[in-house]
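First the structure, in the form of structure tokens, and then the observations on it.
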Amino acid sequence: MLNIVLFGPPGAGKGTQSEKLVAQYKLVHLSTGDLLRSEIKAGTTLGVKAKALMDQGSLVPDEVVIGMIENKLAANKEAGGFIFDGFPRTTAQAEALDALLEQHHTSIATMLALEVAERELVNRLLERGKSSGRPDDANEEVIKNRLQVYQRDTAVVADYYNAQGKFTAVNGVGSIEEVFDRLCAEIDEKAHA
Ligand code: B4P
């Protein structure tokens with residue numbers, strides 16, 4: 001199985017690149033952001049609680065997202081591998097993911113971390129906010145909060161994978177195709193190592 005964590009701050013291109021990577025490598029895409037937005041759309045109790053947090057740029061509680069990933073792993077037992085997009089976002093989530101994958105007799109092959117400067121991230125998210133309808137993209141204050149939450153709670157997850165020798169930084173600036181080619185080069189190298 002080929003299991004990849006696609007990492008980076010909000011707006012780094014995780015969702016954008018995940019769509020292309022799942023097509024290239026026939027993987028299952030697990031985006032906790034997309035899963036939470038589906039819950040909001042369906043008006044579930046979980047979705048109502050998550051919306052209040054997401055709209056202000058805060059993280060949803062660990063147990064909620066871990067439970068969602070657990071269900072998706074159980075529902076996709078035949079998958080050739082997974083791309084984890086926007087998950088794990090805390091060290092507790094990373095530890096839970098390792099434990100869950102172990103239960104499925106597999107593990108993370110690599111974390112690919114997209115690196116993009118903060119000004120560019122803000123511009124990308126504000127640009128997406130013009131058409132996405134996402135409340136968390138529409139307001140610069142909320143975007144700044146998301147970036148602060150990333151620095152405070154999420155950036156440290158890179159250290160977790162670095163300690164396992166699984167961290168790779170990838171330049172996330174350039175055209176979508178250029179960034180995609182860089183990610184594929186890293187994955188192909190890992191797959192043939
Ligand atoms: P996510 O849905 O994960 O959203 P995101 O961080 O904004 O990244 P996304 O993947 O959507 O954006 P992308 O970089 O592709 O999270 C949303 C919220 O959900 C979080 O704030 C949190 O509240 C909650 N949540 C999700 N997971 C959680 C978890 N595990 N634990 C707790 N809470 C959780 O794209 C951004 C824009 O850049 C796009 O418009 C794209 O077109 C553009 N772009 C991409 N690549 C580009 C390039 N190379 N050049 C120029 N523009 C580019």
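The values are calculated or read from the model by the stated rules, or taken from the named source; none is laboratory data. Just so it is clear, the structure is predicted and the values come from calculations on it, not from any experiment. Using ideal geometry, Cβ is built from the backbone for each residue, glycine included, and neighbour counts are taken over all protein chains shown.
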Some residue of segment 35-42 being more than 8 Å from the ligand (Cβ to nearest atom), crowded, with 18+ Cβ neighbours inside 10 Å and part of a loop (DSSP other than H, G, I, E, B): no
Filter result (within 9 Å of the ligand (Cβ to nearest atom), among the aliphatic types (A, V, I, L, M) and farther than 19 Å from LEU53 by Cα) within segment 121-160: LEU121
Condition met for LYS166 (at pLDDT below 95, under 27 Å from TYR25 (Cβ atoms), charged (D, E, K, R) and touching a strand residue (DSSP E or B) at 6+ places or on another chain (Cβ under 6 Å)): no
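Would you call ASP55 buried (at least 17 other Cβ atoms within 10 Å of the Cβ), touching a residue at least 24 places away in the same chain (Cβ under 8 Å) and not aliphatic (A, V, I, L, M)?
Working: buried (at least 17 other Cβ atoms within 10 Å of the Cβ): no; touching a residue at least 24 places away in the same chain (Cβ under 8 Å): yes; not aliphatic (A, V, I, L, M): yes.
No, not satisfied.
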ALA50 more than 10 Å from the ligand (Cβ to nearest atom), over 16 Å from the mean Cα position of the chain (by Cα) and at pLDDT 95 or above: no
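Does ALA74 satisfy the criteria of being within 13 Å of the ligand (Cβ to nearest atom), assigned to a helix (DSSP H, G or I) and more than 23 Å from ALA113 (Cβ to Cβ)? Talk me through it step by step, then tell me what you get.
Working: within 13 Å of the ligand (Cβ to nearest atom): no; assigned to a helix (DSSP H, G or I): yes; more than 23 Å from ALA113 (Cβ to Cβ): yes.
Here the answer is no, as ALA74 does not meet what is asked.
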So GLY67, is it in contact (Cβ under 8 Å) with a residue 40 or more places away in the chain and closer than 25 Å to PRO9 by Cβ: no
Residue match in segment 45-61 (condition: in contact with a helix residue (DSSP H, G or I) (Cβ under 9 Å, 6 or more places away or on another chain), of a type in the set (S, T, N, Q) and assigned to a loop (DSSP other than H, G, I, E, B)): yes
Test for LYS51: is it of a type outside the set (A, V, I, L, M, F, W, C) and over 24 Å from GLY165 (Cα atoms): yes
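Does segment 161-168 contain any residue that is within 13 Å of the ligand (Cβ to nearest atom) and of a type in the set (Val, Ile, Thr)? Steps first, answer last, please.
Narrowing segment 161-168 to residues within 13 Å of the ligand (Cβ to nearest atom): none.
So far as segment 161-168 goes, no, none of its residues is within 13 Å of the ligand (Cβ to nearest atom) and of a type in the set (Val, Ile, Thr).
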